[in-house]
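See below for the structure under consideration.
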Amino acid sequence: MTTVAFLGVAHVHTPGFIRRIQARDDVQVKYVWDHQPGRAERRAEELGAEVSRDPDAILADRTIDGLIICSETNRHEQLVLSAAGAGKPIFVEKPLGVGTKDGYRMADAIERTGVLFQTGYFMRSEPVNRFLREQIAAGNLGTVTRVRMSNCHAGALQGWFDDEYRWMARPWIAGCGAFGDLGTHRLDIMLWWMGSPVRVTAHVGAAIERYENCDEYGEGLLEFEGGAVGVLAGGWVDVANPVPMLVSGTEGHAHIANGAFYFQSEHVPGADGKAPWTDMPEALPHAFDLYLDALAGKDVPLVSAREAAVRSAVMEAMYEASKNKTWVEPIY
């Protein structure tokens, strides 16, 4: 039996993670801590766990096999550095950092101590993303010239962040607004396929201004080594997101439209792009379940702390570019 503890339960994905734990028979939660005691008490009751008033006591408990950090983003650094110093495996909900500096400080500490790390980039487990990573690496799309990614929903239109999760619409706490919150998932996939961009620019804005001083949508432009162009969209004011992905190469093409995946390549038999393509790898478990599997000793693919920090750095660069209306070279 794997024993874990929560350090922070503020994030909107916390209830989903709790359901994933409850669905397993190989994980138990011993403690729940949050700087808001009422929030910790509610989640601890759901999990049959003990409320801790002292995160240091959790870190010192040798029976704790792993930690789950779902705090506000601006609290990540202190919690992650303490956890790494205590030698505890860490799951940190995305984004890792509010920006470049804290993200790299956390990555440095995790690499220095060698603790197991994972973050919530669940899209890496999806068959279509695994398939296209393989096809791009194999050269089956030729020279990739354009990658377009979109991750949007109607969260602001429907008031998802009005109450308990209001902090997520306060960029000085969350590290970003709508563009960063949703865009970081597709950004991870884009960089997973293409490597780190050499420079970026973006525009972020607000459509209904439901949340003061918080962007509600954005579009980024990324230039990769070799000249490939990436376009990244993220927003909370979208009533639909019918084309979440498109990849164009000199010898192939791929896109998703209304849930169907189309793939064309002169190097892959049958890939004429005319009918939905279904010959893909099986889905992997959710990123959170992969972390729990890793704690149990299974050999599973995880996101590295350095990768997570780079995503924070690139996203911060895009926000800086939007503010100053210029191109920015991310810090690596």
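Rule-based calculations on the coordinates, nothing more; no lab input. These figures come from a predicted structure and were not determined experimentally. Every residue, glycine as well, gets a Cβ built from its backbone with ideal geometry; the counts of neighbours run over all protein chains shown.
Each residue of region 91-101 was assigned a 3J(HN,Hα) from its phi angle through the Karplus curve 6.51 cos²θ - 1.76 cosθ + 1.60 (θ = phi - 60°); the sequence is 10, 10, 5, 6, x, 4, x, 6, x, 6, 5 Hz, with glycine and proline shown as x. Peptide packing for 203-216, 120-133 was compared via the average number of neighbouring C-beta atoms within 10 Å per residue; ordered from the highest value, the list is 120-133, 203-216. By the count of neighbouring beta-carbon atoms within 10 Å, fewest first, LYS274, LYS88 end up ordered LYS274, LYS88.
Here the sum of -39500 (n - 2.57) over DSSP H runs of 4 or more residues, divided by the residues of the chain, equals -10500 deg cm²/dmol at 222 nm, to the nearest 500.
Close amide H contacts of ALA233 (hydrogens built in the peptide plane, cut-off under 5 Å, sequence separation of 5 or more or a different chain): MET149, SER150, ASN151, GLY220.
What does the charge dipole of region 1-130 about its Cα centre add up to, to the nearest 20 debye, if the Cβ of each Lys and Arg holds +1 and the Cβ of each Asp and Glu holds -1?
300 debye
Computed about its Cα centre, the charge dipole of the chain is approximately 240 debye, with only Lys, Arg, Asp and Glu carrying charge at their Cβ.
Got a sec? How would TYR31, TYR104 order by Cβ neighbour count within 10 Å, fewest to most? Let's see the in-between values first.
Values: TYR31 25, TYR104 20.
By the 10 Å Cβ count, ascending, the order reads TYR104, TYR31.
Within straight cross-link reach of LYS30, meaning Cα distance under 15 Å, which aspartates and glutamates are found once same-chain residues fewer than 8 apart are removed? Hits, sequence-local ones excluded: GLU41, GLU45, GLU46, GLU50, ASP54, ASP56, ASP61, ASP65.
Relative contact order, whole percent, for region 2-119 stands at 26, derived from Cα pairs under 8 Å and 6 or more residues apart.
Dividing the mean sequence gap of close Cα pairs (under 8 Å, 6+ apart) by how many residues region 112-257 holds gives a relative contact order of 34 percent. State the Cα centre-to-centre distance between region 292-323 and region 137-163 in whole Å. Their Cα centres are 16 Å away from one another.
Dipole check for region 143-200: with +1 at the C-beta of Lys and Arg, -1 at the C-beta of Asp and Glu, and the Cα centre as origin, the magnitude is about 400 Debye. Sorted fewest first by neighbouring Cβ atoms within 10 angstrom, SER52, SER312, SER196 come out as SER196, SER52, SER312. Computed from backbone phi with θ = phi - 60° and the Karplus coefficients 6.51, -1.76 and 1.60, the 3J(HN,Hα) list for region 292-308 is 5, 4, 5, 4, 7, x, 7, 8, 10, x, 10, 7, 7, 4, 5, 4, 4 Hz; x is used for glycine and proline.
Would you mind pulling out the separation of the Cα centroids of region 199-260 and region 1-61, in Å? Each part's Cα centre sits 34 Å from the other's.
Note on the chain: GNM, Cα springs under 10 Å; of GLY218, GLY85, GLY99, the largest mean-square fluctuation is that of GLY85.
Database remark: amide H of GLU50 closer than 5 angstrom to the amide H of TYR31, VAL32 (H placed geometrically; neighbours at sequence offset of 5 or more, or on other chains; Pro and chain starts carry no H).
Within straight-line reach of LYS323, meaning a Cα separation under 24 Å, sit the following lysines at least 8 residues removed in sequence or on another chain: LYS94, LYS101.
Of the DSSP beta bridges with both residues in the chain, give the percent that are antiparallel, rounding to the nearest 5.
55 percent
Relative contact order of the chain: 20 percent, from C-alpha pairs under 8 Å at least 6 residues apart in sequence. Close amide-amide hydrogen proximity is noted between ARG199 and GLU223, each under 5 Å apart and 5 or more residues distant or on a separate chain (H modeled in the peptide plane; Pro and chain starts excluded).
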